[in-house]
Every structure is written in C-alpha cells, then in structure tokens.
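Computed from the coordinates by the stated procedures, all read-outs in this text should not be read as laboratory data. What you are looking at is a predicted structure, and each value in this text was computed from that prediction instead of being measured. FYI the Cβ positions are ideal-geometry reconstructions off the backbone, even for glycines, and counts take in every protein chain you see.
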Amino acid sequence: AQSVTQLDSQVPVFEEAPVELRCNYSSSVSVYLFWYVQYPNQGLQLLLKYLSGSTLVKGINGFEAEFNKSQTSFHLRKPSVHISDTAEYFCAVSENRGSTLGRLYFGRGTQLTVWP
Amino acid sequence: DGGITQSPKYLFRKEGQNVTLSCEQNLNHDAMYWYRQDPGQGLRLIYYSQIVNDFQKGDIAEGYSVSREKKESFPLTVTSAQKNPTAFYLCASSPGLAKGETQYFGPGTRLLVL
C-alpha cells in the first residue's frame, strides 16, 4: 500500500519567517500529489496539487511546493508566514494505477504554529 | 452556494447504540468518501462510493455501514460493533472517477461516546 510520510508532526515558527513542511511518499509508479490545509474543527481545503508538467506548483495563500521524483518528495514552502497560517497541513498521494478510483493516501499531518 | 454539508456538527452516542452521520453534496459529483480522523493519525478511509447504489470498503470499514441511494447523499452509520467510535468524521466528494481529481471536504462531524 502507498505510504506517505510527513517528517515533522509539529513546526513552530515566528511570523514573517520562511517555512518548509516536508512530505515523502513510497510509490514506485507515477503519482499525483496534493497538499491540504485544515483549520481547527473544520474540513480540509486544497492548497495545491501536482498532476504533471512543471515540478514547481503554486497554490493559494502564497504557498508553493516542489515535486522531486528522484527523492520521492513534495515539500511545501512559504517564504514568509502569517499568524493566520496556523493550521494542520496534510500531504496526500494518488497513484496512477489501473484502478478507476483515484483514492488518496494521507500523511499524518503537520501542525504549523506561527508565533508573533 | 455549492458545497458539502455534514450534520450534526456534534453527535453523542451511548453504549450499544447505532448512530447515523449525514453527508449531502450539491456539486453534482459522482464519487463520495468517508474518512475518520484521529489526532496524529491523519485521515483513514472508511468507505467510498463511485456511483449510486455502489460502494466499496476502505481501510477501516469494520463497525461502519453506508448507503448510496441518491447521488447527492452518502450517510454513514456507526454501529455498536465499532468499539472505539470517538473521532472526527469527514465526508468528501470528487467530480468523477479520473485519477488526480480533487476531493472536496465537508466541515466534519465530531462523534463522542457517553
């Protein structure tokens, strides 16, 4: 089964500092990659996704992520965070296999806390 | 406004009781999903449905049941066989069956055991 690893369960940073949230996956086939954000007691909202083409993907709220096939990684970055970015972030992977359903495999999440 | 609604927001279950969580979408999506979220464990797939009157077990289906009688509705029943039901339950939908489709999530239902 597909495995998604988010290496940091918690990332504390100060406001206006850069941040990187790390994500690695285990699949040997081609994949589609997603980052979702969850604010407290809410559902998940798509930040960005990689399907094909340029390996640098830009998303909402100033976030971007880079797909690295050789390292099987899809790290999320933001050059300057705001207190409102405090949330839990989930990396998810969908495999490009024969199955007709593109089910998502989620990592365990990274809690980003931005301090003033 | 198009979207996914889940109700109730909070649900309390007594021992031995079955409870049903509602999920409705007006996005005209074919596929729907139920996930369970526990602290530090990410999201785990309970059941999914690709089309009306068809559904498949996910990774943790034991103690749960679903139905898909209408395209817009995918209710989840937590049965008394689920011994540890306390969790946050998320419903999602996606437009079609193509790989790489974005899943759209509802606001969730938090289930607590009395």
Whichever aspartates and glutamates have a C-alpha closer than 18 Å to that of B:K9, once near sequence neighbours (fewer than 8 apart) are set aside:
B:E24, B:D38
Between B:L112 and B:E15, what is 0.36 nm times their sequence separation minus the Cα-Cα distance? Round to one decimal in nm.
33.8 nm
Identify which of A:N61, A:N41, A:N24 has the largest mean-square fluctuation in a Gaussian network model of chain A, with springs joining Cα atoms closer than 10 Å.
A:N41
Using square roots of five times the C-alpha gyration tensor eigenvalues, list the equivalent-ellipsoid semi-axes of chain B in whole Å, biggest first.
23, 14, 14
Charges only on Cβ, +1 for Lys and Arg, -1 for Asp and Glu: so what's the dipole of chain B about the Cα centre, in debye to the nearest 20?
300 debye
Loop-located trypsin sites (Lys or Arg not before Pro) in segment A:1-103, at most 11 other Cβ atoms within 10 Å (DSSP):
A:K69
Kindly provide the trypsin sites (Lys or Arg not before Pro) of segment B:12-59 that DSSP labels as loop, not H, G, I, E or B, and whose Cβ sees at most 12 other Cβ atoms within 10 Å.
B:K14
Taking the beta-carbon count within 10 Å as an exposure proxy, list A:H75, A:H82 from fewest neighbours to most.
A:H82, A:H75
Treating the beta-carbon of each Lys and Arg as +1 and of each Asp and Glu as -1, no other charges, what is the dipole magnitude of segment A:1-78 about its Cα centre, to the nearest 20 debye?
260 debye
Add +1 for every Lys or Arg and -1 for every Asp or Glu among the other residues with Cβ under 13 Å from the Cβ of A:N41, and state the total.
+1
Specify which residue in the list A:A17, A:C91, A:L104 is farthest towards the positive end of the charge dipole of chain A, using unit charges on the beta carbon of Lys, Arg (+1) and Asp, Glu (-1), about the Cα centre.
A:L104
Whole angstrom only: what separates the Cα centroid of segment B:16-81 from the Cα centroid of segment A:5-62?
25 Å
Starting from the Cα of A:K78, draw a straight line to each of the aspartates and glutamates and keep only those under 15 Å, dropping any in the same chain fewer than 8 residues away.
A:E15, A:E16, A:E20, A:E64, A:E66, A:E88
Least to most buried among B:I46, B:I51 (fewest other Cβ within 10 Å first)
B:I51, B:I46
Considering the Cα positions of the protein assembly as shown, please state its Rg to one decimal place and its Dmax as a whole number of Å.
17.6, 53
Exposure proxy check: A:S26, A:S94 ranked by fewest other beta carbons within 10 Å?
A:S26, A:S94
